[in-house]
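J.: Take a look at this one; I'll ask things after.
The values are calculated or read from the model by the stated rules, or taken from the named source; none is laboratory data. Since the model is a prediction, treat every value here as computed from it, not as a measurement. Note: ideal-geometry Cβ built from the backbone for every residue, glycine included; neighbour counts use all protein chains shown. Each accessible area value is taken on the protein alone, full model and side chains, heavy atoms only, with ligands, DNA and RNA left out. Shrake-Rupley method; radii C 1.70, N 1.55, O 1.52, S 1.80 Å.
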Amino acid sequence: MKRAIIIVLDSVGIGELPDAADFGDVGSNTLVNIKKARPETSLPNMAALGLGNIQGEDIHLLGKVDAPKGAYCKLGEKSIGKDTTTGHWEIAGVLTKEPFPTFTETGFPKEIMDKFEAAIGRKTLGNYAASGTVIIQDLGDEHVKTGYPIVYTSADSVFQIAAHEDVIPVDKLYEICETARKLLTGKYGVARVIARPFIGTSGNYTRTKNRKDFSLEPTGVTILDLAKEKGMNVTAIGKIEDIFEHRGMTRTDHTTNNNDGIEKTILYTKEEFEGILFTNLVDTDMIYGHRNDVEGYAKALEYFDSKLPEIMDAMHDDDILFITADHGCDPTTPSTDHSREYTPLLVYGKHVKEGVDLGVRKSFADIGQTISDYLGLGAHFEAESFLKDILK
């Protein structure tokens, strides 16, 4: 039974794209800059697959080896953007040629906010671009006093709603987000509406693990859709279900953090099924990248690397493992936003040739096209399959 296992290490970029200047991201190189800032960072198992052999300036610092055990390359992004939605959709075969709208400079227009407040029956606070951990400290007390949810955005195409779990219960916050999702269409159609629950007291508010994303539906057919239509199992781990708006899946497990996501990946990989297992490990981005926490980011990478042998041992003979990312979020730069970067790709399996340098590829969608060809899904994405290059 053929299976594709995709693991997205959220925001683990590997060098600025040629158009990085257009996004304000010159100098970003998430993996390499972490290694330079924290030289003791060690990723021996990913290095063994070829991580340090990928083409690019200073990538060898990640641990170049003489005989990589997998195929490897870096991927450019064809989609216009640098966020979770565009990155994951492109991996699955869908390109985003028109950027999702952002509201970093002015916040959301009054006409939208008036409609939103009328629909939820209460006023709002904020409506500006901010760090999520900062804005709940700045506006948390007023929120607790008034019961008004906190609305904010970032450089990404997001409409984020924060609320204290004792003031607006989580289920009610999700309802409020669903209301926002229905309103935010057309020219206001942000990629994601995000529920951001928090707890605590004045001066000590902290976000909880009850975040939930409400995405637009993919604008084209994905490998998930095709595999499900063919009667295959499509298991989505982490926030994959939210990113694809629950489309093209037969089983979901939202998980609570990277450790949980890794354990569930191992668990489901051991099972017998044909199709796709798609995991997102979000902590590198959400907890460490956006907070410019180099130490935490590096340790999260090291933990994944330490568990990689268990994932590989759980694989079946006809499995192909794809380890990649969706964008960058360099914690060493002043910016706390995503960065427009190449992403690494490591490919491993018993039928995968060792030491194959797949070069510098034009699209994340090459992954989707390759998986389609391997599973016989019949996709024709704007991408180039590398299946013939990697199979023994």
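J.: Which residue, Ser157, Ser11, Ser131, has the most motion in a Gaussian network model of the chain that connects Cα atoms within less than 10 Å?
T.: Top of the fluctuation ranking is Ser131.
J.: When only Cα pairs under 8 Å and 6 or more residues apart are kept, what is the percent relative contact order across the chain?
T.: 30 percent
J.: Let me ask another. Would you mind working out the magnitude of the charge dipole of the chain relative to its Cα centre, with +1 at each Lys and Arg C-beta and -1 at each Asp and Glu C-beta, to the nearest 20 Debye?
T.: Once rounded to the nearest 20, the dipole reads 340 debye.
J.: Next question, about the same structure. In terms of Cα to Cα distance under 16 Å, which aspartates and glutamates are near enough to Lys64, apart from those fewer than 8 places away along the same chain?
T.: Within reach: Glu40, Asp305, Glu354, Asp357.
J.: Now a separate question. What does the charge count near Gly248 come to, summing +1 for each Lys or Arg and -1 for each Asp or Glu among other residues with Cβ under 9 Å from its Cβ?
T.: Taking every other residue near Gly248 into account, the sum is 0.
J.: Ignoring ligands, DNA and RNA, what percent of the accessible area of the chain is carbon or sulfur (1.4 Å)?
T.: C and S atoms contribute 49 percent here.
J.: Of Phe23, Met46, Gly93, which is farthest towards the positive pole of the chain's charge dipole, taken about the Cα centre with +1 and -1 on the beta-carbons of Lys, Arg and Asp, Glu respectively?
T.: Toward the positive end, the furthest listed residue is Gly93.
J.: While we're here: What spacing in nm lies between the two simple spin-label points modelled at Asp141 and Ile199, each 7 Å away from Cα in the Cβ direction?
T.: Placing both labels 7 Å beyond Cα along the Cβ direction yields 2.3 nm.
J.: Considering every Cα-Cα pair within the stretch 338-392, what fraction, in whole percent, is farther apart than 19 Å?
T.: I get 29 percent for the Cα pairs in the stretch 338-392 exceeding 19 Å.
J.: With unit charges on the beta carbons (Lys and Arg positive, Asp and Glu negative) and the dipole taken about the Cα centre of the stretch 143-294, which residue among Leu226, Leu277, Ile176 sits farthest to the positive side?
T.: Sorting the options by dipole projection puts first Ile176.
J.: Follow-up. Need the full-extension length gain, Glu217 to Asp313, defined as separation in residues times 0.36 nm minus the C-alpha distance. One decimal, nm.
T.: In short, 31.1 nm is gained.
J.: Additional query: Past the 21 angstrom mark, what percentage of all C-alpha to C-alpha distances in the stretch 39-125 do you count?
T.: Roughly 61 percent, once rounded to a whole number.
J.: Could you tell me what percent of the DSSP beta bridges with both partners in the chain are antiparallel, to the nearest 5?
T.: Beta bridges within the chain, antiparallel portion: roughly 40 percent.
J.: Kindly provide the trypsin sites (Lys or Arg not before Pro) of the stretch 51-138 that DSSP labels as loop, not H, G, I, E or B, and whose Cβ sees at most 12 other Cβ atoms within 10 Å.
T.: Details: sites: Lys64, Lys69, Lys74, Lys78, Lys82, Lys97, Lys110, Lys115, Arg122, Lys123; in loops: Lys64, Lys69, Lys78, Lys82, Lys97, Arg122, Lys123.
Listed in order of number, the matching sites are Lys97, Lys123.
J.: Quick check on the stretch 201-249: what does the Kirkwood estimate of hydrodynamic radius come out to from the alpha carbon pairs, in Å?
T.: Radius from the Kirkwood sum: 12.7 Å.
J.: Mind checking the log10 I(q)/I(0) for the chain at q = 0.08, 0.12, 0.13 Å⁻¹? Debye, one equal scatterer per Cα, no solvent, two decimals.
T.: Ignoring solvent entirely, the Cα scatterers give -0.39, -0.89, -1.05.
J.: Which whole-angstrom value gives the distance between the alpha carbon centres of the stretch 36-66 and the stretch 253-317?
T.: If we compute the Cα centre of each part, the gap is 19 Å.
J.: Further question on the same structure: Per residue, how many Å² of accessible area does the chain show with a 1.4 Å probe?
T.: With all protein chains present, the chain gives 38 Å² per residue.
J.: With respect to the cross-link table entries Lys264/Lys307; Lys78/Lys230; Lys97/Lys212; Lys182/Lys239; Lys299/Lys350, which display a Cα-Cα separation exceeding 22 Å?
T.: Lys78/Lys230; Lys97/Lys212; Lys299/Lys350
J.: I've got another one for you. I want to check the label-to-label distance for Val26 and Leu391. Put each point 7 Å from Cα in the C-beta direction and report it in nm to one decimal.
T.: In this crude spin-label approximation the distance works out to 4.5 nm.
J.: While we're here: Counting other Cβ atoms within 10 Å, keep those with at most 10, restrict to DSSP loop, and tell me which GluC sites (Glu not before Pro) in the stretch 64-166 are left. Don't skip to the end; give the middle numbers.
T.: Details: sites: Glu77, Glu90, Glu105, Glu111, Glu117, Glu142, Glu165; in loops: Glu77, Glu105, Glu165.
Answer by residue number: Glu105.
J.: Now for a different question. Arrange the peptides 181-190, 13-22 so that the one whose residues have, on average, the most other Cβ atoms within 10 Å appears first.
T.: Order by mean packing, descending: 13-22, 181-190.
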